[in-house]
Amino acid sequence: MSAKKTVAQDIASLFDEKINVKFMAFDASVAGNHNSANVFHIKSPVALRYILGAPGDLGLARAYITGALEIYGDFHQTLLELYWHIKEPVPKLASLSLLKAVGAGILSKPPIPVEEAPPRYKRGVLHSLARDKSAIAHHYDVSNDFYSMILGPTLVYSCAVFTKDKDSLEKAQTEKIDLICRKLDLRPGMRLLDIGCGWGSLVLHAAKEYGVKAVGVTLSTNQAALANERIVKAKLSKLVEVRIQDYREVPDDNFHAISSVGMSEHVGSAKMNGYFEHLRSRVMAEGRLLNHCIVRPHSTAKERTGKFFDRYIFPDGELIAPSKVAQSMIDVGFELRHSENLREHYSRTLTKWCENLVENWDDAVAEVGLTRARIWHLYMTLSRIGFETNNIQIHQFLGVVNNELGANPIPLRPNW
């Protein structure tokens, strides 16, 4: 008769023997690589109740953000080890043994953190104006000061572009913004529409450096308030305007250029054609669209995000294949002239953001609370791993509206 396994052994049995992680549990048991500095610690039976009550990323996330589960050592490396070495499918015997470890407590559900959004079916009509505004507020109306701690002085919440290995985050973000301006071929007197403008960094740069008249729209009250403060401080009120407005409600048209940075992920697969059709109606002939968005690596990957990301990070977010983004742009009248995959740049960006969060940890916790700080640490680290392992990508698509002769001013070769 075999000896009864400990909780740590049961957890370790979910992974192959090559994993470089020490597993510890509330029954004082230890398993895995006892010499590893990377530790996965089940601190109480509550952690198992979270994990078994919502198998997958949601249960693990609930356990971690509430402190019932701790990860010590190199946070990124520990999660990467778990990712690479988990057994598929999960061994049933280990799950049954863990259920026994929890005992009757499994019948009592632990509290769901207040930061968690309700499941999709309780949120109203998918991608209605009201639901989209609520989804944006859930993520973006956290705290401008908190975002500043993570993003740094540029206040750009999207993938940076690193031209050299040693580039700072600030330099790389400025390069990304300027790259977008160059791809759009902005010139003095042009009109730019920036969909999902955030804190206004792109429209401010475009006005200051290229002399354009820019309109930015966002659904985030916090973002718009700070963006408008920045506009006044920069003395660019005659050139830049930021509104709280849904892209579907923008009345202006005849823009020379439109930028959509990190926005189409919130639109939804079913409404992607409608999204680009609306943008097509806002831009003039020979005008350009630069769409910068996170995508899946191929068309067979599921479009919905996992439950952790859907409940805590981007409610209703969907990631489609680059081929589908391109086809949607083409179908509504844009000629696709250039695209590129910047996924390695996003993993670097997320590394910098995580470093900023850890460096400002005490201030971040004071600003938004320990639970939300842990949510962000987990979210950004998992996203970094997603880009590193090619589970997600970030692409820039450049489209142009041809004139009545089917021509456009795009150069023979990229000049940006």
Those residues that are within 21 Å of the chain's Cα centre (by Cα) and assigned to a loop (DSSP other than H, G, I, E, B), I need them from the stretch 200-240; list them, please. Gly200, Leu219, Ser220
Considering only the stretch 8-36, state which residues are among the small types (Gly, Ala, Ser) and touching an Asp or Glu at 6+ places or on another chain (Cβ under 8 Å). Ala8
Determine whether the stretch 384-397 contains at least one residue that is in contact with an Asp or Glu (Cβ under 6 Å, 6 or more places away or on another chain) and not small (Gly, Ala, Ser). yes
Residue under evaluation Tyr346, criteria (1) modelled with pLDDT under 95; (2) within 13 Å of the chain's Cα centre (by Cα), criterion not met: (1)
Checking the structure you have, find out if any residue of the stretch 52-60 is under 16 Å from Leu370 (Cα atoms) and under 22 Å from the mean Cα position of the chain (by Cα). no
Could you count how many residues in the stretch 194-249 are closer than 15 Å to Met263 by Cβ, of a type in the set (Lys, Arg) and out of contact with any strand residue (DSSP E or B) (no Cβ under 6 Å at 6 or more places or on another chain)? 1
Can you tell me which condition Thr371 does not meet? The list is (1) surrounded by 21 or more Cβ atoms within 10 Å (Cβ to Cβ); (2) farther than 27 Å from Ile180 by Cα; (3) not hydrophobic (A, V, I, L, M, F, W, C), and all the others hold. (1)
Output for the stretch 242-252, where each listed residue is within 21 Å of Ile180 (Cβ to Cβ) and surrounded by fewer than 19 Cβ atoms within 10 Å (Cβ to Cβ): Arg243, Gln245, Asp252
Here the qualifying pairs (Cβ atoms under 7 Å; residues six or more apart or on different chains; first in the stretch 59-79 and closer than 14 Å to Asn20 by Cβ; second of a type in the set (D, E, K, R)) come out as His76/Arg384
Residues of the stretch 276-295 classified as within 23 Å of Ser383 (Cβ to Cβ) and touching a Phe, Trp or Tyr at 6+ places or on another chain (Cβ under 7 Å), total: 1
Just to be sure I understand, how many residues within the stretch 250-286 are in contact with a strand residue (DSSP E or B) (Cβ under 9 Å, 6 or more places away or on another chain) and not in a helix (DSSP H, G or I)? 18
Being modelled with pLDDT under 95, exposed (fewer than 13 other Cβ atoms within 10 Å of the Cβ) and either touching a Ser or Thr at 6+ places or on another chain (Cβ under 8 Å) or farther than 23 Å from Ile313 by Cα (or both) narrows it down to one residue among Ala94, Ala130, Ala104; which is it? Ala104
Go through the stretch 61-74 and count every residue that is among the aromatic types (Phe, Trp, Tyr) and either in the same structural domain as Leu370 (by TED's automatic domain parsing) or farther than 13 Å from Ile375 by Cβ (or both). 1
Can you work out which of the residues in the stretch 174-186 that are without any contact (Cβ under 8 Å) to a residue 60 or more places away in the chain and either polar (S, T, N, Q) or surrounded by fewer than 20 Cβ atoms within 10 Å (Cβ to Cβ) (or both) is nearest to Glu249 (Cα to Cα)? Asp178
Mind checking whether some residue in the stretch 63-82 is over 25 Å from Val365 (Cβ atoms) and at pLDDT below 95? no
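The values are calculated or read from the model by the stated rules, or taken from the named source; none is laboratory data. Being a predicted model, the structure only gives us computed values, none of them experimental. Reconstructed Cβ throughout: ideal geometry from the backbone, glycine too, with neighbour counts over all protein chains shown.
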